[in-house]
Amino acid sequence: MPHPPHPIRILPPELQNQIAAGEVVERPASVLKELLENSLDAEARSVQVLVDRGGQGLIQVQDDGIGIGPQELELAVTRHATSKILRPEDLFHLRSFGFRGEALPSIASVSRLKLTSATTDSGEALCIEVDAGRTVRRGPAALARGTRVEVRDLFVNVPARLKFLKTPATEGRRCQDIFCRLALSRLDVHFEYAAGERKVLSMPPTDDLRQRLRLFWPDSATDDLLTVSHDQDGLSLEGLVSAPHGVQGQADRLLLYVNDRPVQNKLLLRAVRDAYQGRLLTREYPRAVLFLTMPPEEVDVNVHPAKAEVRFRDQQGVFSVVRRGVLQALEQLEAQRFSRNPAAADAHSPLKEKHPAPYSREFSAASSFIFPGDRPKFATLREYRQGFHQGPGEPQPADRGPASAHHNEPRSDCLLQTDPAMMHSAPPGVPLERAGMRYLGQAANSYLVLTAEQGLMLVDQHAAHERVLLQRLKNNVRPLTRGLLPALEIILHPAQQNRLEELWAKLEEMGFRLTTPKAGLLEVQGLPEYLEPLQAREFLAAALDGQAADMEALWAMMACKTAIKAGQSLATSEALQLLETWLECPNKAFCPHGRPVMVCLGPADLEKMFKRRG
Ligand code: ADP
Ligand code: MG
C-alpha cells in the first residue's frame, strides 16, 4: 500500500462538526426537528416557529422553556455537550428527545446561528452568534424566560448540500410536516407555525388527538378514523387508523411514534400493513397515527444520528401488539358494517357522536345498492366518445393494424380480438357481434354481462369507463377550458396550500384556471370542459389532499371521479356504447388503478362451478 500523503491528525473541531452535520442536518426540516425537540426537552409550554423561503432564509424556534444558563451558552454549541445524560446506562432509560449533544454545534457549523436564552423572567438574556462554526459574537440580549434559536443561510458554506435541496415550496412542506409530526406527540403544548409573513397553523393545547390532527389533515382524511387502544404484555398502542375504504395512494400519512418519539421503522409499518391485509391493494396505503409505549430499556434509540430509527429488543412482541391493536379497530368497524340492523350498530358505535358521517355514508351507499335509482344518469358517453379519437398525440384507431391495437396489453386468454377500424360506422351492438360477443344485460347495476366465444364475461362498468376516460384525457393533450361564473371558491387547509403550489402547473395543464385572491382561498375560474363543478370540487380536494403525486395519477383520479359509478343503472344503448368504446382502449383489461376490468368464465370454469368435473 502506498504511504499516506499526510500524517494522521485529529480533525479541527469545525471540520468534525461539519462531518457530523452531514448526518444530522440533511435539509431545513431536519434543523427544525432538532430545534423543536430541544424546546420540548426544555419543558416548553409554548413553541413558535418561523420558516422563511422553505428554511433556506430563516428557521427560527422560540420557546418558553427552562432556558440555558449564562455559563452554558457556549457549551450548548459545543460538540458532545449535553444536559440530558450523564452515565452510559442513561442511554437505555432515555426520557428526552436529545442525548447526543450534536445538533446545535452541527447546525452552527453549516449556517449562521444565533442562540438567545434566559433562565429567569427578568427580560435579561444572553446571546451567542456562530458563523459557519466560528463564534463571532456573544453578549446581552432581551428575552423573557426561554430560548430562541435563529438559523440563517443554511448550507451557506457547503454549496454541494444546497444542490440537493428541492424548491422552497417542497422544503417548506417538509418543515411543516415535521412540525406537525412533533406537535402530535405533545398535545399539551401550544404550537404556532408561520411561513414568512403568513401565519399557517396555531395549535392550542388540547387533550383530543383527533382535534389537533384536524388542524392539518383535511376532513376527508380525518372523518373516517377509528380509535385504536390496545394493551398487551406491558406494551400499549394508542391512536387512530383509517377505515379500510379510506385508503390513499401515498404512504405519507402513516405517523408512528415510540415513547412519543416520531420514528421510521419497517417492522412497525409492516405490522400496520399486515393488519389491513386483504383489505388493501398493493399500491394503497392506510392512514395512521399510532403511539407505541414501552419500557425505555426495551428500545434502542441510539442507532441513527438523527434518532429517526429505533431497534426493539423483542421484535415479535412489538409486531404483535401493533398488528393486533390495528386489527381490533378494523374488525370492530366491520362487525358494525355487516350487522343486520345498521341503526343499532350505529347507536353502539363509539365514534358515533363525533363522527356520524362515515357511517351514514356507508349505509346510504348500501341501501342505494339494494334500491337502485331507476333513472339512468349516463348521458355523456357519446361526448366522451367523440373526444376519444381526437387526440393529436395518438394515432387514430383506424390507422392501427389489429395487432398494434393490442400492444402493451397483459396477456389473457379472453382478450378481445376485435378490429377497431371496423367499429365507427356500425350500428350499436354490431361491433360486439363482430367480436363474437353479445350483451345480455346489467347485473347488480354494476356489471355488464356478455356472452363471448370464450364463455361468460363480466365487465365492471365503473372500471371500464375509467379506462375510456383515462384514454381520452391522455389523448387530449391540451383540454379546453370552460369558464365558470361565478367562480368556484375553495377554502384551503394549510396543508393543501403547499400542495397547491406544487400542483399548480399540472392543474393548469389539465385545463383548470386558478387564482388565489387571498391566502387560504382558491378561486377556480375555469374547468376542464368535461368536468362538472361538483366533480371539480371533489377532484381538487382529493388532489390537494395528496392522493395523487404525478400527472398520470392525477389523470387516473380525474377518470375515477368522472366515471359512472357502480350501482348506476344503464340503458342498453348506453351499455353498448360504453362496451364498444372500451373495446378500443389499449390496456383495456385493467383499470388505471390496476384492478381487472373484466372477468371471463370459460367453459372449463363453468363446468367446475357446476361440479361437472373436478
Ligand atoms: P442534545 O439535545 O442532544 O443535548 P443539542 O446540541 O441539541 O444536544 O443541545 C445541546 C444542549 O443545549 C442541550 O443538552 C440543552 O441543555 C441545551 N439546549 C438546547 N436547546 C435548548 C432549549 N431550547 N432550551 C433549553 N436548553 C436548550
Ligand atoms: Mg437536541
Which one is nearest to ligand 1 (Cβ to nearest atom), of the residues in the range 1-49 that are among the charged types (D, E, K, R) and outside any helix (DSSP H, G or I)?
43
Going through the range 50-78 one residue at a time, which ones are part of a loop (DSSP other than H, G, I, E, B), in contact with a Gly (Cβ under 9 Å, 6 or more places away or on another chain) and surrounded by fewer than 18 Cβ atoms within 10 Å (Cβ to Cβ)?
57, 66, 78
I'm told residue 123 meets every condition in (1) away from ligand 1 (no atom under 16 Å from the Cβ); (2) at pLDDT 90 or above except one. Can you identify the failing condition by its number?
(2)
Filter the range 1-28 for residues that are open to solvent by 10 Å² or more (accessible area, probe 1.4 Å) and under 39 Å from the mean Cα position of the chain (by Cα) and give the result.
14, 15, 16, 17, 18, 19, 22, 23, 26, 27
Test result for residue 76, in contact with a helix residue (DSSP H, G or I) (Cβ under 9 Å, 6 or more places away or on another chain), modelled with pLDDT of 85 or more and within 9 Å of ligand 1 (Cβ to nearest atom):
yes
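Enumerate the strands (runs of 3 or more DSSP E) found wholly within the range 475-585, keeping only those where 1 or more residues are touching a residue at least 40 places away in the same chain (Cβ under 8 Å) and surrounded by fewer than 21 Cβ atoms within 10 Å (Cβ to Cβ). Please lay out each step first, then the result.
Details: elements: 481-491, 513-518, 521-528.
The qualifying strands (runs of 3 or more DSSP E) are 481-491, 521-528.
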Scan the range 38-49 residue by residue and report those that are without any contact (Cβ under 8 Å) to a residue 60 or more places away in the chain and loosely packed, with under 15 Cβ neighbours inside 10 Å.
43
Quick check on my filter: what residues within the range 589-614 are touching a strand residue (DSSP E or B) at 6+ places or on another chain (Cβ under 6 Å) and either outside the structural domain of residue 473 (by TED's automatic domain parsing) or part of a loop (DSSP other than H, G, I, E, B) (or both)?
597, 602
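Out of the range 198-218, which residues are surrounded by fewer than 16 Cβ atoms within 10 Å (Cβ to Cβ) and farther than 14 Å from residue 49 by Cβ?
Initially, the range 198-218 is screened for residues surrounded by fewer than 16 Cβ atoms within 10 Å (Cβ to Cβ), giving 198-199, 202, 204-208, 211.
Once the filter is applied, which keeps residues that are surrounded by fewer than 16 Cβ atoms within 10 Å (Cβ to Cβ) and farther than 14 Å from residue 49 by Cβ, the range 198-218 yields 204, 205, 206, 207, 208, 211.
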Since residue 85 meets every condition but one in (1) within 15 Å of ligand 1 (Cβ to nearest atom); (2) under 30 Å from residue 176 (Cβ atoms), which condition does it not meet?
(2)
Filter the range 185-223 for residues that are within 21 Å of residue 169 (Cβ to Cβ) and in contact with a Pro (Cβ under 7 Å, 6 or more places away or on another chain) and give the result.
200, 201, 216
Considering the range 100-152 alone, what residues qualify as being open to solvent by 50 Å² or more (accessible area, probe 1.4 Å), within 36 Å of the chain's Cα centre (by Cα) and more than 16 Å from ligand 2 (Cβ to nearest atom)?
112, 114, 152
Considering each of 484, 503, 473 in turn, give the residue that is modelled with pLDDT under 85, under 29 Å from the mean Cα position of the chain (by Cα) and within 22 Å of residue 537 (Cα to Cα).
473
Look at the range 539-592 and say how many of its residues are touching a Phe, Trp or Tyr at 6+ places or on another chain (Cβ under 9 Å) and of a type in the set (A, V, I, L, M).
13
Looking at (1) without any contact (Cβ under 8 Å) to a residue 12 or more places away in the chain; (2) more than 30 Å from residue 593 (Cβ to Cβ); (3) in a loop (DSSP other than H, G, I, E, B), find the lone condition where residue 206 falls short.
(1)
Scan the range 73-89 and tell me whether some residue there is within 15 Å of ligand 2 (Cβ to nearest atom), without any contact (Cβ under 8 Å) to a residue 12 or more places away in the chain and farther than 21 Å from residue 47 by Cβ.
yes
Condition broken by residue 95, with the remaining ones in (1) over 17 Å from residue 25 (Cα atoms); (2) modelled with pLDDT of 85 or more; (3) away from ligand 2 (no atom under 12 Å from the Cβ); (4) in a loop (DSSP other than H, G, I, E, B) satisfied
(2)
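For the range 228-270, enumerate the residues that are among the hydroxyl-bearing types (Ser, Thr, Tyr) and farther than 19 Å from residue 174 by Cα.
Keep residues of the range 228-270 that are among the hydroxyl-bearing types (Ser, Thr, Tyr), which gives 229, 236, 242, 257.
Matches in the range 228-270: 229, 236, 242.
The values are calculated or read from the model by the stated rules, or taken from the named source; none is laboratory data. No experiment lies behind these values; they were computed from the predicted model shown. Ideal geometry is used to build each Cβ from the backbone, glycine not excepted, and the neighbour counts take in all protein chains shown. We work out accessible area using only protein heavy atoms, side chains counted, and drop any ligands, DNA or RNA first. Shrake-Rupley method; radii C 1.70, N 1.55, O 1.52, S 1.80 Å.
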